[in-house]
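Asker: Structure in C-alpha cells, see below.
Only the coordinates and a few stated rules stand behind these numbers; no lab work does. Model, not experiment: these values are computed from the prediction. Cβ placement follows ideal geometry from the backbone for every residue including glycine, while neighbour counts extend to all protein chains displayed.
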Amino acid sequence: MTLTHDGVKPSLPPPHEADADGFASEVAEACRQAATSADSLNGQLARRDLAERSSTYAPIVPRPPFHRRLFPRVERPEYAEAFRLLALNMRQVAASSSLRSILVMGALPGDGRTLTAANLGVALAGTGCRVVLMESDGRKPQLARLFGAAPEAWAAEAPLNVDRPRAAPTGVPNLAVVLPVARDGVLARMALPPLLAALRSVADFVILDSPPCLQFADGFLLSTHTNGVLYVVRRRQQDAAAQRAVQEQLARLGANVLGVVFNEA
Amino acid sequence: MELDRYLRGLAQRWYLVVFLIGVGLLGSWGYMQWSGGASWGNFRWDGASNAVATVAVLEPTVTRALNGQQAQVNFASIVESLALSERVVNRLRADMTADALKGKITVKLGRTLVPNVSMPIYSVKVENPDPQRALDLCNTVIEEARLMFLEMNQLDRSQVDGSLQAEETRLRQEADAARAALRTFQEENRVWKLNSQLDAQIALVNSLRQSSILEGVSRTASSAARNDLQRALSEAQAELERVRGLQPEYERLAFEVSLASAAVTQLSSRESDVALLNDPQAQQTVQTEAEAARIRLAQARANLSAFQRSNAIGDLPSELATRTATVSELRRQQLTAAAASGGLKEVLAPEEAELQRLLPLVPLNDELTSRLSLAEAQLTQLVARKFDLVLASTLPPAVQLKVLDAPRIQSNLLWTVILYALGAVLGAFVGLLIVYLVTYYDRCPQTVAEVQELTGSVVLVRLPRAY
C-alpha cells in the first residue's frame, strides 16, 4: 500500500519504505482492535473527571490551584465556549485546506498543551467529527490520565509493546486516544509518518500533544509531520528571546502555525 | 502603572488581600490577648476586661506644703507603686507577680469643670481577662492605696514639732535680734517711737514760731511759775524715760500673747469643724491641742500682767502716748515762757537743731522697724502652719479619700472595634501594596496584543479560567 504523506516536507528524509508499509498495516490493525475494544473498556476504566463532567462533550477542566480548592467549584461556561470557538476555527480552516493533523505546541511545562489538545478534541468530536488524540509526549504522558485511565491500566489490559500503538476509548463518542510509539520515552521518528497516515485514514482530525519545545525537540520534529501547529502561550513570565527563537525555528522548519491559544488560567 | 492593569492584577490576586486582612484581624486579636494578659483557656474576642473606679483625694502636696521639709506622697504615685502591687498580690494571693499587676494598673487625673488642685479626682483602671477578677483587683487596689496613703502621709505632734523646731527657733532669734538692733539704735540716737517724736517736735517748733507772732504771749510770767513748770517738766520726762525703757520687754510679752491668741482662735475654729465629722479620735486630738493653746495663752497673759503690775503700768502704748503728750505740752509752755523773757531766737534755735537731727534718722528707723515686723509675722505664720499640719493629720480617712464611683466593668467595645478595624485596614493596605508590587514587576503578557507581539502569530482564542 502506498501512502501519501500529507504534511511531510520534501526537504526531510523519507521514511524507510519497507518498514513503513509493514508497520503501517500493523498500526491500522491496532487501531481497529482499539476501536472494537473501546466499548468493553469504557466500563472498566476509572474515569473520575469524566464522571464529574456535566455532559459528554463538556470540557476537561484543570485541577484548580490550592486557594481555589477552598471554595465551591463553579465552572465558567466561557471555558467550554472558548474551545467550541477554537474547534469552529479549526473546522473552518480544514474546510478550505488539507488540515487533518494538528500539533499542539508550547514552550514550557504547564503551558496547557495537553488540556488544550484534549478539550479541542472533545469540542471537535462534539461537532460530529471523528477525532484521534495522539499522545506524543512520551516522557510525561498525560492525555490518558485526563480521560480517566493511566497508561499502566492499559498495559494491564494489553501489555504495551513499544513498537505497537494502543488505542483507548475516552467515553466521548467519536473521540479516541492513541498511545505513542515510544522507545525510552523518545518518539520514534521513523515510525511516525505511517502511524499518522493510518490515523488520518480513520479520523477527520488527528491532534497531537507534545512535550515542551524549549526542553525537548520532539515538538519541532512533530511539526514537520503535521498540517498545522497550535501554539499555546500561558499568561506568566515569558522569555521574549526564547519565544522569538521558537517562532524562528518553526519558520525554518516550514511549520504551518495556525495561531496562538492564549491560556489565561 | 495603569489603573486597568492594577485592577486586573487585583482581580487575579484578590486572595492575597483577603489573606492579609485575616492576618491583620488575627494580629489585632493577638494583641488584645497579649495586652490583656490572657492565657490559654481564657481567650476572649475582645481582650481584657477593664474595671474602673473614680476616687477623690485630698492631696497632701497642697494641704501640707512645707517647702520640701516633709516628704509627701500623692495618691497617683501610691497607686502606681510596686509596693502597692505587692500588697494587693499578697492580700488576694493572686497567681501573678507584682510587676505584672503593676503593668495592668493605670491611674489618670480626671477632668472636672472646676479645676480644684487641692482635691483632684483620679480614675483607677485595672485590666484582667476575667471581669470578676478585674473587679476584685480594682477594689483591693483602692483599699490598699487608701491605707498606704494614710500611712505615708500621717503626722503626729512630735514629728511636726521636731521638723519645725529649728525653724521656729531661728525666727524667734531673728525677732529678738531685730528688737535689740532697734533698741540700740533708739538709745544711741535718743529716740523712741521716732515718728511720734518727730510729730511732737514739729508741733513744738511750730507752736514757738506762732507764739512770737501772737500778742497774747505772757511776758510777765513769774520766776516762781517758771520754776514750777521746770520741775513738772523734769518729773514728766523722768516718768516718760522710765516707761520708754519698759517698752521692748512689754512688746515682746504682748507679741507672745498675740501669738498664743491666734493659735487659740485657729484651734477653736477647727474644733467646731471636727465636731461635725463624728470622729471621736479627731475631736480628742483637736481638743487636746486647743487646751494646750489656751494654757499657753493664759501663761502669756499672766506674764504680761505681772510685768505691768511690777512696773505700775497699764496699756503701755496709750500710757506712752499720754506721757509724751504731757511732756510736749510742758516743754512747749516752758519754752514759750523762756521765749517771752529771753528772746525767741535763743529758744527756737536748739529745737530746730533737734528737729534736723531727727529727720535723717527716719529711713534707718523704718528699716529696723520693718525687720522686726517681718520677723514677727514669719513667726506667727510658722506657728499657724504648725497647727495646720497637726490638724490636717486628724482628718479621718473618709474625709481625705472618697470613692465616687465603685469599681465597675467598663465597656471596651469601641476600642475593640477600632483595633480590629485597624488590623483589617493595615492588612488590606499591605495586601494592596503587595498586589501592586507584584503586578508592577509582573512581566507576563496580559493582553492579546502583547501575546501577538511576543509570538508574531494571531491569537485564535483566549482560554479563560475554568473556575
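Asker: Which order do peptides A:209-219, A:99-109 fall in by mean Cβ count within 10 Å, highest first?
Answerer: Working: A:209-219: 21.8, A:99-109: 23.5.
Result, highest mean first: A:99-109, A:209-219.
Asker: On to the next question. Can you name the helices of chain B, as whole DSSP H runs, whose Cα span along the helix axis is 30 Å or more and whose Kyte-Doolittle mean is not below -1.0? Present the calculation step by step, with values, prior to reporting the outcome.
Answerer: Values: long enough: B:14-35 (31 Å, 1.14); B:131-153 (33 Å, 0.03); B:157-189 (46 Å, -1.17); B:223-275 (74 Å, -0.40); B:280-310 (44 Å, -0.66); B:316-342 (37 Å, -0.17); B:362-392 (44 Å, 0.35); B:413-441 (42 Å, 2.07).
Span-like helices in chain B: B:14-35, B:131-153, B:223-275, B:280-310, B:316-342, B:362-392, B:413-441.
Asker: Which semi-axis lengths, in whole Å and largest first, follow from the square roots of five times the eigenvalues of the Cα gyration tensor of chain B? Let's see the in-between values first.
Answerer: Values: eigenvalues 1695, 231, 43 Å².
With the √(5λ) rule applied to chain B, the semi-axes are 92, 34, 15 Å.
Asker: Label B:Ser163 and B:Val362 with points 7 Å out from Cα along Cα→Cβ: what is the distance between them in nm?
Answerer: It is 4.6 nm.
Asker: By how many nm would the segment from B:Leu355 to B:Ala384 grow when fully extended, if each residue of separation counts as 0.36 nm and the alpha-carbon distance is taken off? The partial results should precede the final answer.
Answerer: Numbers: separation 29, 0.36 × 29 = 10.44 nm, distance 4.23 nm.
Net length gain for the segment: 6.2 nm.
Asker: In nm, to one decimal, how far is the B:Asp228 label point from the B:Gln287 one, both placed 7 Å along Cα→Cβ?
Answerer: About 6.6 nm, to one decimal.
Asker: Here is a follow-up. With point charges of +1 on the Cβ of Lys and Arg and -1 on the Cβ of Asp and Glu, referenced to the Cα centre of segment B:222-341, which listed residue (B:Thr324, B:Ala260, B:Ala236) lies farthest in the positive direction of the dipole?
Answerer: The residue sitting most towards the positive pole is B:Ala236.
Asker: Next question. Go ahead and run the numbers for FRET between B:Ser318 and B:Trp415, Cβ-Cβ distance against an R0 of 51 Å, rounding to 0.05. It would help to have the intermediate numbers written out before the result.
Answerer: Working: r = 76 Å, r/R0 = 1.49.
That gives a FRET efficiency of 0.10.
Asker: I've got another one for you. Under the rule of -39500 (n - 2.57) per DSSP H run of 4 or more residues, summed and divided by the residues of chain B, what mean residue ellipticity at 222 nm is obtained, to the nearest 500 deg cm²/dmol?
Answerer: Numbers: 17 runs with 333 residues, N = 467.
Taken over chain B, the calculation gives -24500 deg cm²/dmol.
Asker: Which peptide among B:407-416, A:233-242 comes first, and what is the full order, when sorted by highest mean count of other Cβ atoms within 10 Å?
Answerer: Most protected by this proxy first, the peptides run A:233-242, B:407-416.
Asker: At R0 = 22 Å, how high is the FRET efficiency between A:Asn256 and A:Glu81 if r is their beta carbon distance? Nearest 0.05 is fine. Before the final figure, lay out each step's value.
Answerer: Numbers: r = 26 Å, r/R0 = 1.17.
My answer for the efficiency is 0.30.
Asker: Restricting attention to the alpha-carbon atoms of segment B:273-394, what are Rg (one decimal) and Dmax (integer), both in Å?
Answerer: 25.6, 82
Asker: Sort segment B:314-375 into rounded, prolate or oblate with this rule: let a ≥ b ≥ c be the square roots of the eigenvalues of the Cα gyration tensor; rounded if a/c is under 1.5, and if a/c is not under 1.5, prolate when a/b is larger than b/c, oblate otherwise.
Answerer: Judged from the Cα gyration tensor, segment B:314-375 comes out oblate (a/c at least 1.5, b/c at or above a/b).
Asker: How high is the FRET efficiency between A:Arg244 and B:Leu433 when r is their beta carbon distance and R₀ equals 41 Å, given to the nearest 0.05?
Answerer: Values: r = 34 Å, r/R0 = 0.84.
It comes to 0.75.
Asker: Tell me the label-point distance for the pair B:Asp4, B:Leu404, using the 7 Å Cα-to-Cβ offset, in nm and rounded to one decimal.
Answerer: Using points 7 Å along Cα→Cβ, the separation is 6.4 nm.
Asker: Mind jotting down the three principal axis lengths of segment B:387-467 based on Cα atoms? Whole angstrom, largest first.
Answerer: Computed over segment B:387-467, the largest-to-smallest principal extents equal 105, 29, 11 Å.
Asker: Compare the Cα positions of B:Ala312, B:Leu147, B:Asn189 along the charge dipole of chain B (+1 at Cβ of Lys, Arg; -1 at Cβ of Asp, Glu; about the Cα centre) and return the one farthest towards the positive end.
Answerer: B:Leu147
Asker: Right, something else. Ignoring GluC sites (Glu not before Pro) that are buried or in helix or strand per DSSP, and keeping those with at most 10 other beta carbon atoms within 10 Å, what is the longest stretch of chain B between them?
Answerer: The answer is B:216-467.
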